[in-house]
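Below are the structure tokens for one structure; questions will follow.
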Amino acid sequence: MEDIILPLGFFAIVFGFPLVRREMNHRHRMERLREERGLQASQPAPDVPNPDDAPALALRLPEPHRLYALALLCRLEDAPLSGLDARARYLVTQARQQDLPATLRGYLNLTPAARQRLAAQGQLPEEVLREQLELISRGVEEALGRDTAAADQLLTQGHYLRQKFQPVKLGEPLPVARGGGRKES
């Protein structure tokens, strides 16, 4: 038995140690790579403003319209989407992601020929922009004000609590829930 164990131990030391060492080095390198990738993924990418994004477009507007567009953008960003019903959430999201940027882009892309054409029709580009911004603002205000889901939920909860905790007057029969009463044997 010792004749087999001694050469086997020698063989394991000579050939096994380099294999184990290589495996340990490989694991260590893989862990380092995972940590580096994790650090790179956790570091935020530098913010490069999208030139077609609403805030970048709003900053390029002339002064009175810039303030109005930025105020509207703030209202859209601060809108509590989680508490809105589906229609209101859709309107606010669409206004933020499509309607406002399209309006600002349309104004900023006006060429001198397009401005002349609007003037020939009796409209100034600034008036058209103001009107469109006001339409978006009124639509968002209506969508935010028309949200009835939170009010309905509050009223339902109040109705439930009134029924649950309504004091029982002595001498009055207790209301029996239908289908949930006791069965008599």
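The values are calculated or read from the model by the stated rules, or taken from the named source; none is laboratory data. Not measured: the values here are computed from a predicted model. Please note: Cβ atoms are built from the backbone with ideal geometry, for glycine as well, and neighbour counts cover all protein chains shown. To get the accessible areas, we keep the full protein, side chains included, count just its heavy atoms, and leave off ligands, DNA and RNA. Shrake-Rupley method; radii C 1.70, N 1.55, O 1.52, S 1.80 Å.
Need the failing condition index for residue 102 against (1) over 13 Å from residue 72 (Cα atoms); (2) surrounded by fewer than 11 Cβ atoms within 10 Å (Cβ to Cβ), just the number.
Among (1) over 13 Å from residue 72 (Cα atoms); (2) surrounded by fewer than 11 Cβ atoms within 10 Å (Cβ to Cβ), the lone unmet condition for residue 102 is (2).
Further, regarding this structure: Residue pairs, Cβ under 7 Å, 6 or more apart or interchain, first in the stretch 82-107 and farther than 13 Å from residue 133 by Cα and assigned to a helix (DSSP H, G or I), second small (Gly, Ala, Ser) and open to solvent by 40 Å² or more (accessible area, probe 1.4 Å). List them.
Between residues of the stretch 82-107 that are farther than 13 Å from residue 133 by Cα and assigned to a helix (DSSP H, G or I) and residues that are small (Gly, Ala, Ser) and open to solvent by 40 Å² or more (accessible area, probe 1.4 Å), the close pairs are 83/150.
Let me ask something else about it. Among (1) within 17 Å of residue 142 (Cα to Cα); (2) open to solvent by less than 50 Å² (accessible area, probe 1.4 Å); (3) out of contact with any Asp or Glu (no Cβ under 7 Å at 6 or more places or on another chain), there is one condition residue 84 misses while meeting the rest; what is its number?
(3)
Taking the stretch 57-80, which residues are part of a helix (DSSP H, G or I), within 13 Å of the chain's Cα centre (by Cα) and exposed (fewer than 13 other Cβ atoms within 10 Å of the Cβ)?
Answer for the stretch 57-80, where residues must be part of a helix (DSSP H, G or I), within 13 Å of the chain's Cα centre (by Cα) and exposed (fewer than 13 other Cβ atoms within 10 Å of the Cβ): 77, 78.
Among the listed residues 134, 141, identify the single one that is among the acidic types (Asp, Glu) and open to solvent by 70 Å² or more (accessible area, probe 1.4 Å).
Answer to the check: 141.
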